[in-house]
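Below: one structure, written as structure tokens.
Derivation of every value follows stated rules applied to the coordinates shown; laboratory data play no part. All values derive from a computational prediction rather than experimental measurement. When we count neighbours, we look across all protein chains shown, and the Cβ atoms used for this are built from the backbone with ideal geometry, even at glycine.
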Amino acid sequence: ARDGILQRQARRESSARTYARSLPIVPVRAKGMTVEGADGRRYLDCLSGAGTLALGHNHPVVLEAIRAVLDAEAPLHVLDLATPVKDRFVDALFETLPPEFARDARIQFCGPAGTDGVEAALKLVRTATGRRGVLAFTGAYHGMTAGALAVSGDTAIREAIGPGADEVTRLPYPYAYRCPFGVGGPEGAALAVRYAETLLDDPAGGVAAPAAMIVEAVQGEGGVIPAPDTWLREMRRITDERGIPLILDEVQTGLGRTGAFWAVEHSGVVPDVMVISKAVGGSLPLAVIVYRGDLDRWWPGAHAGTFRGNQLAMAAGTATIAHIRANRLDTRAAELGDRLTTGLRALMAGRPEIGDVRGRGLMIGVEIVDPDAAPGVDGARPAAPELAAAVRAAALDRGLIVELGGRHGAVVRLLPPLTMTDSQAAAVLDRLADAIPAATA
Ligand code: PMP
């Protein structure tokens, strides 16, 4: 069954499909962190729908919330109309927001995906400021629709959209391991701040008055790169001083994944707009933007759409939010993340192909490099995408699903559910400890 299904997929489905580096498995059943394939094998899932499944697969509280809506014959589709299900969702979500932000915040339901939230955020700030330009970052990933692509870093995926990207000024993200200024660490991050400020203040810097800055507190697809809190506070200062709204893309980092309910909380920064998706729908499609009330200068119908009121996703999301908060799964993510990164760093000692281990909470990246190449000026060896792919395959052979990310596709990314048990965390480490040497052998 497995091979037939895989062959038909290869024949009929676009090669551009998600997840692009597709894994040769056919999942038929899934519970918590475990996915069972059509071949009867069981895998530990460290991909979790690209960070969507905060509570793992088919968590009982999520299933129960979905069943309750179905059993009550509550409407499944009423466009943007108010419903008790939506009312509870907005209440639950607003309770999680930083208080200074929540006080005066507005919410807009967007199309079903993260990228729709990014589009809405960009349109909102352009509508509110009457300006066009956007400040974005190298390595950023914000989605695959035209506006979101324009603010993403990857030139290959951006190529097809033509103009639009012209309005975007890209600033260096503080990537400590491959520091654009060749020094790394806090010093590199400080230089990134200085560079941003110099460019913005230079009348010949080529930056027209921007409508916003859009940023991830931890870059996910870009290779799991956590920005230092001080750097993010500096970005807030820079935007505040110039009256530029700050958009935090919390699509991947939200709902406890980084060890705080929102990644922005680590720095204490209060954003002007937050883009929220993935885990907020409790494994079903849902995206929202939450923003400062005075930016709400839409006119009725200014940002409409048919699929913006997914009642099942709101119910699943409400249950997910409640479960994370009641069980302090954000704190748990921080603990588990520390344990995994400590274990992975210990592995690094005898393994020159592990260039860097980094992350925040349960967003963890292991950068695979060429062990035989000389380090560059920044001390980093060249990325080794083929070796990383071999690690991914060796991990899968050992019953562990991981994906790759980063500029060169050489960062092994771990995004396990926040409900991962201690023994599952130990198994993840064991399997990687086995897979990495096997891939280099
Ligand atoms: N922003 C970030 C930070 C993301 O990680 C992603 C998806 N990986 C998106 C936006 C786009 O979300 P979607 O794939 O649901 O459109």
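Numerical summary
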item	result
Three semi-axes of the equivalent ellipsoid, region 188-307, Cα gyration tensor, whole Å, largest first	26, 21, 12
Spin-label model distance (nm) - Ala346 vs Arg328, 7 Å beyond Cα toward Cβ	2.5 nm
Sequence-separation-based contact order of region 329-441, relative, with Cα cut under 8 Å and 6+ spacing, percent	25 percent
Segment Leu63-Asp80, extension gain: residue separation times 0.36 nm, minus the distance between their alpha carbons	3.8 nm
Residue among Tyr195, Tyr291, Tyr141 with the largest mean-square fluctuation in a Gaussian network model of the chain, springs linking Cα atoms under 10 Å	Tyr195
Those GluC sites (Glu not before Pro) in region 13-78 that DSSP places in a loop and that have at most 11 other beta carbons within 10 Å	Glu13, Glu73
Cα gyration tensor shape of region 389-441, rounded if a/c is under 1.5, else prolate or oblate by comparing a/b with b/c	oblate
Choice from Ile364, Ile354, Ile225 showing the highest fluctuation, given a GNM over the chain with Cα pairs closer than 10 Å	Ile354
Percent antiparallel among DSSP beta bridges (both partners in region 99-308, rounded to 5)	45 percent
CD proxy at 222 nm, helix term only [per DSSP H run n ≥ 4: -39500 (n - 2.57); per residue of the chain; nearest 500]	-11500 deg cm²/dmol
Relative contact order (%) - the chain, alpha-carbon pairs under 8 angstrom, separation at least six	21 percent
Contact order normalised by residue count of region 153-291, Cα under 8 Å, 6+ apart, percent	16 percent
Antiparallel bridge percentage (DSSP; both residues within the chain; nearest 5)	70 percent
Additional length obtainable on full extension of the chain from Leu6 to Arg297, 0.36 nm per residue less Cα span	99.9 nm
Viscosity 1.306 mPa s, temperature 10 °C, Stokes-Einstein D of the chain from Kirkwood C-alpha radius, µm²/s	71 µm²/s
Sequence ranges 246-258, 314-326, ranked by mean other-Cβ count within 10 angstrom, highest first	246-258, 314-326
Global form of region 353-399, assessed from the alpha-carbon gyration tensor, a/c cut-off 1.5	oblate
Cα gyration tensor category, rounded, prolate or oblate, for region 228-272 with a/c compared to 1.5	prolate
Dipole in debye (nearest 20) - the chain, about Cα centre, beta carbon charges: Lys, Arg +1; Asp, Glu -1	700 debye
Peptides 152-159, 213-220 ordered by average Cβ neighbours within 10 Å, highest first	213-220, 152-159
q = 0.12 Å⁻¹: log10 I(q)/I(0) that the Debye formula gives for region 121-258, counting C-alpha atoms only	-0.44
Space enclosed by the convex hull of the alpha-carbon atoms of region 57-190, per residue, Å³	204 Å³
